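> Input: one structure, supplied below.
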Amino acid sequence: MILGPGDDAAVLRPPDGCDLVVSTDSLVEDVHFRFSTQSARLVGRRAMVANLSDLAAMGARPLGCVAALCAPGSLELRLARGLVQGLLEEAGAHACPLVGGNLASSRQTSVTITVFGSVARGRDLRRHRVRAGDRVFVTGTLGGQALAVSRAETEGRPIRLLPTPRLRAGQALARLSGVGGCIDVSDGLVADLSHLLEGSDLGLQLEADSVPTPAGFAAACRKRGLDPLRLALAGGEDYEIAFTLRPQAARRHGVQALGKRLGVPVSEVGRVVGSGGIQGVPEHLGWTHF
Ligand SMILES: [Mg+2]
């Protein structure tokens with residue numbers, strides 16, 4: 001950072017030999033969150049995670065961010081403070097300084113963040129670089145957020161679980177050779193994998209049983225009458241990274257060494273095939289062809 005908050009605008013300078021990476025995302029009350037199911041602080045953190053996760057999926061390192069908070073005059077001061085505190089905490093945890101912001105009055109509460117990051121020139125990760133034969137991997141576990149949301153809505157337990165933006169993993173992937181497509185899992189695994197295939201005729205053979213879930217997840221789902229596979233494949237907001245590797249690179253690295261390199265466990269969940277959209281999603285989930 002060259003110039004932070006306090007002037008008309010901030011000034012950022014990406015390191016020599018780097019490209020600038022920019023992303024923005026909004027969280028809107030009653031659309032993306034409710035103050036009744038989680039603390040304002042967690043909402044603020046989550047807003048920052050969503051943005052940092054997009055930088056992670058591009059292989060970028062954070063440079064800084066700006067935030068705009070819109071809220072009605074009736075919003076309790078402690079909620080407004082909590083939101084700001086949460087986003088500052090999360091930004092601080094990932095070395096992404098808030099370099100500017102804006103407050104405005106509106107009918108609904110919303111937080112909009114824009115993040116800036118840098119990546120070595122030409123090394124940015126992209127969605128549409130998948131090829132037939134690529135192996136498909138995902139970091140961490142999936143479904144945990146969907147389970148937490150369901151518990152908050154049906155049992156009145158506040159959501160406490162906060163996803164981790166996989167910045168280190170994204171940056172490590174950007175240095176690796178043989179990477180194909182890359183995306184962060186914000187909408188749900190099947191939906192996000194289908195984004196990797198957009199604009200191509202390729203398909204993806206998913207190994208649904210290999211999709212990683214948190215410890216005790218299946219039992220916790222069944223106890224509540226939820227389908228664990230549905231939550232793992234379609235639940236969003238886990239903010240893990242899904243990516244493909246060329247088959248030689250997948251063999252060379254191996255799943256375990258790859259996890260070490262990325263700083264987070266990695267699971268192989270399928271492979272890219274010549275055609276046919278997303279295959280291997282159990283029929284009872286209602287997608288025969290995604
Ligand atoms: Mg994304």
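The values are calculated or read from the model by the stated rules, or taken from the named source; none is laboratory data. Note that this is a predicted model, so its numbers are computed, not measured. Using ideal geometry, Cβ is built from the backbone for each residue, glycine included, and neighbour counts are taken over all protein chains shown. For the accessible areas, the whole protein counts, side chains as well, though only heavy atoms, and no ligand, DNA or RNA atoms are used. Shrake-Rupley method; radii C 1.70, N 1.55, O 1.52, S 1.80 Å.
> Whose amide H sits under 5 Å from the amide H of R129, counting only residues 5 or more places off or on another chain, with H placed in the peptide plane?
Residues meeting the amide H criterion: G181, C182.
> So what is the 222 nm mean residue ellipticity for the chain from helices alone, if each DSSP H run of at least 4 adds -39500 (n - 2.57) and you divide by all residues, rounding to the nearest 500 deg cm²/dmol? Write out the running numbers ahead of the final one.
Working: 9 runs with 94 residues, N = 290.
So the helix-based figure for the chain works out to -9500 deg cm²/dmol.
> So what does T164 come to for accessible area, using a 1.4 Å probe and Å² rounded to 10?
70
> Hey, what's region 138-271 come to in accessible area per residue, 1.4 Å probe, Å²?
Values: 5690 Å² over 134 residues.
Spelled out: the 1.4 Å probe surface of region 138-271, per residue, equals 42 Å².
> Okay, moving on. With unit charges on the beta carbons (Lys and Arg positive, Asp and Glu negative) and the dipole taken about the Cα centre of region 90-186, which residue among S177, G92, V136 sits farthest to the positive side?
Going by the charge dipole, the pick is S177.
> Compute the distance in nm between two label points, each set 7 Å from the Cα along the Cα-to-Cβ direction, one at H128 and one at V28.
For the pair H128/V28, the computed spacing is 2.7 nm.
> Shifting gears a bit: Order of 49-56, 254-261, 130-137 by packing, highest average Cβ count within 10 Å first?
The packing order, highest mean first, is 49-56, 130-137, 254-261.
> Continuing with this model, one more query. Go through region 272-277 residue by residue and turn each phi into a ³J(HN,Hα) via Karplus (6.51, -1.76, 1.60, θ = phi - 60°); whole Hz please, and just put x for glycine and proline.
Using θ = phi - 60°, the values come out as 7, 10, x, 6, x, x Hz.
> On to the next question. Can you tell me the mean projection area, over all orientations, of the convex hull of region 18-120's alpha carbons? Units nm², please.
On the way: hull surface 24.1 nm².
Computed as one quarter of the Cα hull surface, the answer is 6.0 nm².
> Sticking with this structure for a sec: Determine the sum of side-chain charges near P212: Lys and Arg each +1, Asp and Glu each -1, restricted to other residues whose C-beta is under 14 angstrom from that of P212.
Spelling it out: positives minus negatives among the neighbours equals -4.
> Pull up the DSSP beta bridges for the chain and report the antiparallel fraction as a percent, rounded to 5.
Values: 39 of 52 bridges.
So the antiparallel bridges in the chain amount to around 75 percent.
> A follow-up question, please. Would you please put 138-149, 61-72, 20-31, 117-128 in order of how densely packed they are, using the mean number of other Cβ atoms within 10 angstrom per residue and starting with the highest? Mind dumping the intermediate values first?
Details: 138-149: 23.0, 61-72: 20.5, 20-31: 15.8, 117-128: 18.1.
Highest-to-lowest ranking by the protection proxy: 138-149, 61-72, 117-128, 20-31.
> Report in % the part of the accessible area of the chain that belongs to carbon and sulfur, leaving out ligands and nucleic acids; probe 1.4 Å.
49
> Using all alpha carbons of region 135-285, what is the percent of pairwise distances in each 5 Å bin, ordered from the shortest bin to the longest?
Percent of Cα pairs in each bin: 2, 9, 19, 22, 19, 14, 8, 4, 1, 0.
> Now a separate question. If you place +1 on the Cβ of every Lys and Arg, -1 on the Cβ of every Asp and Glu, and leave all else neutral, what size is the dipole of the chain about its Cα centre, to the nearest 20 Debye? Intermediate values should be presented prior to the final figure.
Details: 32 positive and 28 negative charges, 175 e Å.
With only Lys, Arg, Asp and Glu charged at Cβ, the dipole is about 840 debye.
> May I pose another question? Where does the charge balance sit around A47 when Lys and Arg score +1, Asp and Glu -1, over other residues with C-beta under 9 Å from its C-beta?
0
> Next question. Mind ranking M1, M48 by accessible surface for me, highest first, 1.4 Å probe?
In descending accessible area the options line up as M1, M48.
> So what J values fall out for region 257-269 if you push phi through Karplus, 6.51 cos²θ - 1.76 cosθ + 1.60 with θ = phi - 60°, rounded to Hz, Gly and Pro as x?
5, 4, x, 5, 5, 8, x, 7, x, 10, 10, 8, 10
> Pull up all non-local amide H partners of I241: gap of 5 or more, or a different chain, and H-to-H distance under 5 Å with H placed in the peptide plane.
Hits under the 5 Å cutoff: T139, V185.
> Order R129, R246, R271, R78, most accessible first, counting only protein heavy atoms with a 1.4 angstrom probe.
From most accessible down to least: R78, R271, R129, R246.
> For the chain, what number results from the quotient of the Cα radius of gyration and 2.2 N^0.38 Å?
Against the compact-globule rule of thumb, the ratio is 1.03.
> Using protein chains only and a probe of 1.4 angstrom, how many square angstrom of R34 are accessible, to the nearest 10?
100
> Counting Lys and Arg as +1 and Asp and Glu as -1, what is the net charge of the other residues whose Cβ lies under 13 Å from the Cβ of P15?
Neighbour charge sum, excluding P15 itself: +2.
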